[in-house]
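Report on the following structure.
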Amino acid sequence: MLLELIITNFALIENLNIRFGGGLNILTGETGAGKSIIIDAVNMAIGERADKSFIRTGTDKSVIQMIFRSQNQHLIKILNEKGIDLFDNDIIIITREIYNSGRSTSRINDRVVTTSLVKEISKYLIDIHGQHAHQSLLYPENHIDILDSFDEQKIVALKKKVATKYYELKELKNKLDELCGNELERERKKDLLKFQLNEIDACQLKVGEDTDLLSEYNLLSNSEKIFTIMSSSYEKIYNGDGRYLSIIDGIGNIIHELENIKDFDDHIKNMYSMLQECSYTFEDVSRDIRNYRDNIEFDPLVLEQIEKRLDLINDLKRKYGNSIDEILSYREKIYFELEELENSETIVVEIRNNIDKIKIEYIELSTQLSSIRKEISSTLEKEMIHVLEGLNMNKVIFKVNFANNIDQVDESIFSPKGLDKIEFLISTNAGQQPKSIAKIASGGEMSRIMLAFKTILAHSDNIPTLIFDEIDTGISGRTANIVGEKLAIISRNHQILCITHLPQIALMADHHFYIEKNSQDNNTLTNVQKLSEEDRIMELGRLLGGITLTDLTMEHAKEMINLGNHFKNSLK
């Protein structure tokens, strides 16, 4: 259930906090007061595309926050898998911040999340029927998805299998097109792959070779500098330079002097021993330096060969990868690609056999899926007729029409959804054959048809909160009364938020909110206030009589509210 909606700096709204209750929440107000803005804000909060144009002028960002209470175990499991805990064991807070830069941030219980996750969990919390949602019924290609949604758990696993087989077929057909395509292009590709293979193989690359060569290059190119420093170091350690003793001779003299006094004190003896160790170490180091120096060879030819080898490897890197590993991986890839092209006839036969095999599997799975859909459609037809009759469409016939999805040459069109082509047909008058909803239904009938769909879907999916924005389009009189009663009935098991301009629907409110637009200090702001019983009578009178409220209008409004309360009490 939606407990609270908080909107800040969104379009005409500066600060808005609406606390909804259970049952039927009605929102009314003058045209242009901002009723649709609230729906826009809710849509963005639950993951629709963020639009920075809604940020209130003069502010940096808009914030929309929705607080829900839910104990849906499947939803809780999804959140737990994402590391998101519920507040107080059943509270879920969805927050959307939209910035002037165009960036937006979504949070669930203070954890930053993706909009896709918000959309995923929102479908377990709320369902919105906006002013234009009924248009989805006008396009038959949407009907298969609407049908599947009525018993999704029953077919979801099978639908995934069908989709998997479809994409396997698509991939194989693409492969077949590649192999059976333009002969000249195929030969060109073979020549290119052969050239690339020969170029890589001729280099006889070894993993890590470039690193070793670079080290050797650096050593050889600096051999003169190394020789000079090594010679100087050896002289300083072992021979000295004429003016100064060598390091070894200097240490030897100190050792000789300490030898005369080392027995007077243990500290001196320790220093004597340490200097002896140093002397041995310097002897070893000087010998190593001399040997290293004597083995230094500078061969310009070797250096040139290394340079050429590195240039060759770098040239291959520019063409085939950033490292020797990547070049060798690319080599493996094109080797198998060339092998396929050279053995294309054998591979084509194999692919065609696989296509035939997977086609059979796809058709079998799609046939099973179609069979389950027909079972679902039979139940849907009965429920839709029952609900529509309750909405004053007494002679209605509703059918789910199944046809083979075929092209212009009677070939079956495969799709990820199976082989079915589904369309909803309806007849709203006695003696009239069911036809496409788009051709038959008026605006008022379309609103009731969508209300019927939403009613059945809400029960099957157990969606706790339903929002209807102008579900009353095109209806009036007795039909409006019936729609109001239907909403009241649904609201006994679901929380409903309904934006309306009809008194026949507003009178059924368990909680009534009035949306108004005020101008002050050159600013126009939208506000919402919850109406008391007395205020409800005034608002219903406005809906009945317009600007001028007569005593008769007010009495009529009061009587309507009493009738609404009587009807709601009869539902308990």
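When the range 558-572 is filtered for residues that are touching a helix residue (DSSP H, G or I) at 6+ places or on another chain (Cβ under 8 Å), modelled with pLDDT of 90 or more and of a type in the set (A, V, I, L, M, F, W, C), the ones remaining, listed by number, are Met560, Ile561, Phe567.
Leu457 passes every criterion in (1) outside any loop (DSSP other than H, G, I, E, B); (2) in contact with a helix residue (DSSP H, G or I) (Cβ under 7 Å, 6 or more places away or on another chain); (3) closer than 27 Å to Ile37 by Cα; (4) modelled with pLDDT of 85 or more apart from (4). Looking only at residues that are assigned to a strand (DSSP E or B) and hydrophobic (A, V, I, L, M, F, W, C) in the range 518-568, which one is nearest to Leu5 (Cα to Cα)? Going through the qualifying residues, I end up with Val528.
Considering the range 278-317, and only residues there that are at pLDDT 85 or above and among the aromatic types (Phe, Trp, Tyr), the residue that is farthest from Ile247 (Cα to Cα) turns out to be Tyr280. Reported count of residues in the range 206-228, each being of a type in the set (A, V, I, L, M) and modelled with pLDDT under 85, is 3. Could you check, for the range 83-96, whether at least one of its residues is in contact (Cβ under 8 Å) with a residue 12 or more places away in the chain, more than 24 Å from Leu27 (Cα to Cα), basic (Lys, Arg) and part of a strand (DSSP E or B)? No, that holds for no residue. Within the range 375-396, being surrounded by 13 or more Cβ atoms within 10 Å (Cβ to Cβ), within 13 Å of Pro434 (Cβ to Cβ) and out of contact with any helix residue (DSSP H, G or I) (no Cβ under 8 Å at 6 or more places or on another chain) holds for Glu381, Ile385. Condition check: acidic (Asp, Glu) and in a strand (DSSP E or B). Does Glu48 satisfy that? For Glu48, the condition - acidic (Asp, Glu) and in a strand (DSSP E or B) - is not met.
Of all residues being in contact with a helix residue (DSSP H, G or I) (Cβ under 7 Å, 6 or more places away or on another chain) and assigned to a loop (DSSP other than H, G, I, E, B) in the range 98-130, which is modelled with the lowest pLDDT? Just the residue, please. Checked the range 98-130; the qualifying residue modelled with the lowest pLDDT is Gly130. Exactly one condition in (1) within 30 Å of Lys206 (Cβ to Cβ); (2) among the charged types (D, E, K, R); (3) touching a helix residue (DSSP H, G or I) at 6+ places or on another chain (Cβ under 7 Å) is false for Lys269; which is it? Lys269 satisfies all of (1) within 30 Å of Lys206 (Cβ to Cβ); (2) among the charged types (D, E, K, R); (3) touching a helix residue (DSSP H, G or I) at 6+ places or on another chain (Cβ under 7 Å) except (1). Cβ-Cβ distances below 9 Å connect the following pairs, each with a first residue in the range 144-158 that is within 16 Å of Glu381 (Cα to Cα) and at pLDDT 85 or above, a second residue that is in a helix (DSSP H, G or I) and of a type in the set (D, E, K, R), and a separation of six or more residues or different chains: Ile144/Arg373; Leu147/Arg373; Asp148/Lys159; Asp148/Arg373. Looking at Leu16, Leu12, Leu3, Leu27, just one residue is over 24 Å from Gly541 (Cα atoms) and in contact with a helix residue (DSSP H, G or I) (Cβ under 7 Å, 6 or more places away or on another chain), and that residue is Leu12. If the condition is being touching an Asp or Glu at 6+ places or on another chain (Cβ under 9 Å) and not aliphatic (A, V, I, L, M), then the range 179-198 contributes Arg186, Lys189, Lys190.
Count of the range 86-110 residues, restricted to those that are out of contact with any strand residue (DSSP E or B) (no Cβ under 8 Å at 6 or more places or on another chain) and either under 25 Å from Ala11 (Cα atoms) or surrounded by 15 or more Cβ atoms within 10 Å (Cβ to Cβ) (or both), is 3. The conditions are (1) over 17 Å from Ala488 (Cα atoms); (2) free of Cβ contacts under 8 Å to residues at least 40 places away in the same chain, and Thr526 fails exactly one of them. Which is it? Of (1) over 17 Å from Ala488 (Cα atoms); (2) free of Cβ contacts under 8 Å to residues at least 40 places away in the same chain, only one is false for Thr526: (2).
Scanning the range 464-484 for residues that are outside any loop (DSSP other than H, G, I, E, B) and either at pLDDT below 80 or not basic (Lys, Arg) (or both) yields a total of 12. Selection of the range 145-160 for residues being among the basic types (Lys, Arg) and either more than 29 Å from the chain's Cα centre (by Cα) or crowded, with 16+ Cβ neighbours inside 10 Å (or both) yields only Lys159. Candidates in the range 417-448 are the residues that are aliphatic (A, V, I, L, M) and at pLDDT below 75; of these, the one that is nearest to Glu389 (Cα to Cα) is Ala441.
Under the condition of being surrounded by 19 or more Cβ atoms within 10 Å (Cβ to Cβ) and not aliphatic (A, V, I, L, M), which residue from the range 131-143 is modelled with the lowest pLDDT?
His134
Being within 30 Å of His143 (Cβ to Cβ), in a helix (DSSP H, G or I), polar (S, T, N, Q) and in contact with a helix residue (DSSP H, G or I) (Cβ under 8 Å, 6 or more places away or on another chain) is true for just one of Ser371, Ser366. Which residue is that? Exactly one residue qualifies, and that residue is Ser366. Residue pairs whose Cβ atoms lie under 8 Å apart, sitting 6 or more positions apart in sequence or on different chains, and linking a residue in the range 465-487 that is free of Cβ contacts under 8 Å to residues at least 40 places away in the same chain to a partner that is part of a helix (DSSP H, G or I) and surrounded by fewer than 17 Cβ atoms within 10 Å (Cβ to Cβ), are Gly474/Gly443.
Only one entry in Asn291, Asn322 is farther than 20 Å from Ser221 by Cβ, assigned to a helix (DSSP H, G or I) and among the polar types (S, T, N, Q), namely Asn291.
Is it the case that some residue within the range 506-517 is among the hydroxyl-bearing types (Ser, Thr, Tyr), at pLDDT 90 or above and either outside any loop (DSSP other than H, G, I, E, B) or closer than 23 Å to Lys123 by Cβ (or both)? Yes, the range 506-517 contains a residue that is among the hydroxyl-bearing types (Ser, Thr, Tyr), at pLDDT 90 or above and either outside any loop (DSSP other than H, G, I, E, B) or closer than 23 Å to Lys123 by Cβ (or both). For residues in the range 397-416 being modelled with pLDDT of 85 or more and hydrophobic (A, V, I, L, M, F, W, C), which is surrounded by the fewest Cβ atoms within 10 Å (Cβ to Cβ)? Checked the range 397-416; the qualifying residue surrounded by the fewest Cβ atoms within 10 Å (Cβ to Cβ) is Ala403. Among residues of the range 339-364 that are in contact (Cβ under 8 Å) with a residue 24 or more places away in the chain, those with a beta-carbon under 9 Å from a residue that is of a type in the set (Gly, Ala, Ser) at least six positions away or on a different chain give the pairs Tyr362/Gly418; Ile363/Ser412.
Selection of the range 269-281 for residues being farther than 20 Å from Lys236 by Cβ and surrounded by 14 or more Cβ atoms within 10 Å (Cβ to Cβ) yields Lys269, Met271, Tyr272, Gln276. Each residue in the range 24-44 was checked for being part of a loop (DSSP other than H, G, I, E, B) and either crowded, with 18+ Cβ neighbours inside 10 Å or in contact with a Leu (Cβ under 6 Å, 6 or more places away or on another chain) (or both), and 2 of them qualify.
The values are calculated or read from the model by the stated rules, or taken from the named source; none is laboratory data. All figures in this text were calculated on a predicted structure; none of them were measured in a lab. Every residue, glycine as well, gets a Cβ built from its backbone with ideal geometry; the counts of neighbours run over all protein chains shown.
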